[in-house]
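What follows draws every value from the coordinates through simple rules; no lab data is involved. Treat the numbers as computed from the prediction; the structure is a model and nothing was measured. Positions of Cβ are backbone-derived with ideal geometry, glycine not excepted, and every protein chain shown enters the neighbour counts.
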Amino acid sequence: MKCAHRLPQRRRRQGIPDEEWMDKENDGPHPQRDVPPPGHTTRRLLSLVLDDEPRQRLRITRAFTSMLVYVTCLGLAEYALVHRMADPVATRLLEGGMIAWMVIVYATLRSGLNLRFRDPSLTFVQIMAAGAWITAAYVVFTPVRGALLMLLALTLVFSIFNLDRKRRRIYNGCVVVGTGLTMFTLSTLRPDDYPFQVEWVHFVLTAVVLAVMGRLSEQLLAIRARLRSQRNELEAALSRIQELATRDALTGLPNRRYATDLFAQLARGAERTGSPLTVCLIDLDHFKRVNDSYGHKAGDIVLQRFADTATGALRESDVLARWGGEEFLALLPDTPVKKADQSMARVRAALAQTRLVAAADAAAVTFSAGLAQFRPGESIEHAVERADFALYRAKSDGRNRCVISD
């Protein structure tokens with residue numbers, strides 16, 4: 001409290017009006033205001049280097065991960081140059097080509113040009129190029145060429161989840177044929193540096209490892225496909241369970257539980273906005289006679305046809321639910337009770353033009369209804385109770401009519 005009283009006195013002693021003092025404070029440096037929030041710079045940098053779109057960011061991240069193969073080759077190249085194990089000109093050309101290829105791949109992904117291709121990840125193109133670069137490095141780095149063969153298998157790992165069986169076999173075939181021809185040519189032209197016996201061992205190992213990796217990839221793909229199928233089945237089952245939990249199995253309308261929850265939501269909205277909300281309880285007249293005269297199957301058909309007819313006569317924003325047995329609940333948002341009575345008249349007119357019972361001697365099916373406009377502050381149970389009391393009056397007054405609750 002003392003500091004709060006001192007500051008205005010100090011301003012007056014310095015002869016600075018409060019308005020100018022505030023301007024000086026606002027215009028001056030403000031450490032908490034000028035310093036960006038923690039991690040803001042990092043997020044902006046990641047957004048600039050990668051991408052804001054999640055799928056593109058994932059593709060670029062995977063491309064960076066696969067480029068570790070090239071980084072390994074570049075490190076091996078520098079090691080070979082330092083220890084005089086490779087020709088400097090060929091090594092520099094190889095390094096320049098690898099760096100240029102990495103820049104091209106990144107630029108294609110970052111610019112969005114990859115989205116024009118069938119495979120936006122460019123997986124097949126990248127692993128084919130990696131196989132070609134590793135084969136070229138095999139020629140340049142003679143003393144350590146055997147270490148490069150494991151990179152061919154590592155390259156195949158990046159294609160496990162992105163390539164289908166056909167393209168994976170194309171890659172394996174190209175690598176085996178390419179490396180085999182390279183080894184044969186080198187052992188023929190430079191037998192001292194590339195002995196045939198050693199190249200034959202390298203070739204066999206390459207072919208076997210790629211074949212095993214290909215087989216494992218197919219098994220992993222099969223497992224992934226099976227898991228995806230199981231997930232789809234679980235999602236379908238969950239959707240079905242949710243539908244059963246909210247829908248009436250016979251009519252396809254919302255059931256009582258879901259209608260109650262929906263009524264509560266609409267009631268909160270009506271209280272918040274002040275818009276009218278009317279609830280209507282509907283009961284099919286003399287429904288027991290239909291079951292007794294024509295059977296329960298005919299009764300089920302009557303319920304289904306009534307649900308379809310009433311839904312078609314109501315607005316899209318209105319909700320018709322099966323409340324139980326031959327009773328239905330209608331929720332009419334943004335509708336005062338008198339207009340709701342007109343809506344029920346449309347349902348009655350549509351019902352009069354529809355034959356719900358197929359039997360020739362069957363009488364027309366009618367309904368009685370009780371309407372109650374929701375009152376702010378009352379419970380939904382009380383609103384339904386008022387509509388139910390109005391429905392009882394409609395049935396007592398002779399049925400085939402609507403009664404509005406007081």
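Values as computed for the structure displayed
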item	result
Relative contact order of the range 256-404, pairs being alpha-carbon contacts under 8 Å that are 6 or more residues apart, as %	31 percent
Stokes-Einstein D for the range 49-235, Kirkwood Rh over Cα pairs, 37 °C, 0.692 mPa s (µm²/s)	183 µm²/s
Folded to 0 to 90 degrees: helix 123-140 orientation relative to the chain principal axis, Cα	10 degrees
Along each principal axis, Cα extent of the chain, largest first, Å	112, 93, 32
Ordering of 326-335, 237-246, 370-379 by packing [mean C-beta count within 10 Å, highest first]	326-335, 370-379, 237-246
Enclosed volume per residue, in Å³, of the convex hull spanned by Cα atoms of the range 256-404	97 Å³
Amide proton proximity set for ARG247, modelled H, under 5 Å, gap of 5+	ASN255
Whole-Hz ³J(HN,Hα) from phi, Karplus 6.51 cos²θ - 1.76 cosθ + 1.60, for the range 386-391, glycine and proline x	5, 5, 5, 5, 5, 5
Spatially near lysine pairs across the chain, Cα under 22 Å, sequence gap of 8 or more or different chains	4
For the range 294-304, 3J(HN,Hα) per residue [Karplus equation, 6.51 cos²θ - 1.76 cosθ + 1.60, θ = phi - 60°, Hz, x = Gly/Pro]	10, x, 5, 5, 5, x, 4, 5, 4, 4, 5
Cβ-based exposure ranking for ILE134, ILE104, ILE301, in which fewest neighbours within 10 Å come first	ILE104, ILE301, ILE134
Folded to 0 to 90 degrees: helix 88-111 orientation relative to the chain principal axis, Cα	10 degrees
Angle in degrees between helix 256-273 and the longest Cα principal axis of the chain, rounded to the nearest 10	90 degrees
